[in-house]
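This report refers to the structure that appears directly beneath it.
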Amino acid sequence: MLVLPAPGGELLNWSPSGPRPPEPPKTPPSSRVAYAAAHVVADALADEPYAVDWDTTLAFREHLWSCGLGVAEAMDTAQRGMGLDWATTQELVSRTGAVAAGRRWCAGVGTDQLPPGPATVASIVDAWREQLDLVSRAGAVPVVMASRALAAAATGPDDYHAAYGKLLSEASGPVLLHWLGEQFDPALAGYWGHADVRAAARELAALCAEHAGAIAGVKVSVLDAEVEIEFRRALPDSVACYTGDDFNYPELIAGDAEGHSEALLGIFDPIAPVAAAGLRRLGDGDRAGFRALLDPTVPLAREIFRAPTRHYKTGVVFLAHLNGHQNHFRMIAGQESARTITHLATLLRLADEAGVLADPDLAEARMRPLLQAAGVV
């Protein structure tokens with residue numbers, strides 16, 4: 001039994017009592033394309049705060065593949081823009097490509113190698129082009145990520161159309177686009193040239209219609225199910241919608257009579273076995289069984305991704321530690337300090353209720369020293 005702090009300052013006596021994760025399916029989920037955006041594991045014994053433990057990082061990707069999920073590499077879950085620099089990103093993409101062996105994976109194409117300060121549309125396209133080349137050569141599906149530099153440089157929708165249009169006209173194969181809302185990154189406020197999210201969605205849908213031959217899909221991370229459904233229905237038939245909505249993913253993946261969203265989600269990192277088992281049920285036509293597994297994970301996801309949402313990576317790494325995927329709770333650039341002990345205690349309780357804790361005894365043992373360090377008796 002643990003004594004856990006709860007919101008409001010009270011202390012709770014707690015022991016795990018929830019279900020255990022189901023066994024991953026023997027075959028991959030077939031009814032949806034599903035990627036888990038994977039975190040990176042810090043080297044806790046390195047002298048500098050940005051070192052990566054490559055063996056453990058790659059082992060976690062093997063875990064995701066073993067569940068039948070695709071790996072979304074070098075995305076914001078991997079701390080792009082929050083400690084993972086371009087040099088390390090290049091190595092991450094190359095190392096994952098070397099072990100992928102034909103398994104499903106995609107990788108982020110950003111502009112984070114640009115120097116600080118103002119950038120031009122031309123330099124932004126050049127930066128995307130450099131990263132697109134690396135990702136393509138590594139064998140991944142490229143995911144063109146929203147650019148902080150473009151958000152700062154653009155004066156309106158025309159600049160977005162010019163930048164993306166130039167890149168897409170040169171792409172050697174179809175890419176995914178990634179619309180990351182300002183909840184995840186405040187520097188992306190007003191992306192696509194509009195402060196209103198529905199106006200931004202219309203702008204992006206128009207871009208997809210203009211360049212449908214070069215766009216395989218769009219990942220939407222705006223945490224608004226209605227906006228995503230409206231956007232999904234506005235896309236050309238050849239362009240898939242990938243949900244990045246870590247609040248409403250069960251209903252968006254299940255879909256409706258007019259369509260569904262594929263999945264490219266950070267929450268699939270900590271809940272991979274449950275997500276994979278649910279997707280297998282959906283592939284077998286068991287929508288109720290899919291929701292029965294996935295719906296209990298939503299309170300956990302909403303707590304991990306609560307405001308300030310950009311710090312959700314802390315909860316993802318915390319659960320990887322509790323579940324034995326890494327032997328420490330440290331992050332590159334010290335980001336493990338971004339959330340409170342009360343938040344972490346809430347995650348432990350919700351993970352148990354969601355059936356996400358693989359080994360309750362291990363989770364308790366690993367939580368205890370964190371509580372003691374925080375002064376919780």
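The values are calculated or read from the model by the stated rules, or taken from the named source; none is laboratory data. Bear in mind that the values here come from a model prediction, so they are computed numbers and not experimental data. Quick reminder, even Gly has a Cβ in these numbers, built from the backbone with ideal geometry, and neighbours come from all protein chains shown. Note: accessible area is taken over every heavy atom of the protein model, side chains too, but ligands, DNA and RNA are not part of it. Shrake-Rupley method; radii C 1.70, N 1.55, O 1.52, S 1.80 Å.
For A72, the residues whose modelled amide H falls within less than 5 Å of its own, excluding neighbours fewer than 5 places apart on the same chain, are A36, A37, A38, C106.
Roll a 1.4 Å probe over the protein chains and send me the accessible area per residue for the chain in Å².
Details: 14620 Å² over 377 residues.
On a per-residue basis, the chain sits at 39 Å².
List the GluC sites (Glu not before Pro) within the stretch 204-296 that fall in a DSSP loop (any state other than H, G, I, E or B) and whose Cβ has at most 12 other Cβ atoms within 10 Å. Intermediate results must be reported in sequence, preceding the final value.
Details: sites: E210, E226, E228, E230, E251, E258, E262; in loops: E258.
Sparse-neighbourhood loop GluC sites (Glu not before Pro): E258.
How much mean residue ellipticity at 222 nm does the chain get from its helices, if each DSSP H run of length 4 or more adds -39500 (n - 2.57) and you divide by all residues, to the nearest 500 deg cm²/dmol? Please list the in-between numbers first.
Values: 14 runs with 161 residues, N = 377.
Only helices count here, giving -13000 deg cm²/dmol.
Phi-derived couplings, Karplus 6.51 cos²θ - 1.76 cosθ + 1.60 at θ = phi - 60°, listed residue by residue for the stretch 103-114: 7, 5, 7, 9, 8, x, 10, x, 10, 7, 7, 5 Hz, with x used for Gly and Pro. Springs join every pair of Cα atoms under 10 Å in this Gaussian network model of the chain, and among G139, G334, G117 the largest mean-square fluctuation is at G117. Share of carbon and sulfur in the accessible area of the stretch 249-310 stands at 48%, probe radius 1.4 Å.
Under 5 Å between amide hydrogens, built in the peptide plane, is the criterion, and for A240 it picks out G217, V218 among residues at least 5 positions away or on other chains. Could you work out which residue, out of I267, I304, I332, moves most in a Gaussian network model of the chain, that is, has the largest mean-square fluctuation with Cα springs under 10 Å? Ranking I267, I304, I332 by mean-square fluctuation puts I332 first.
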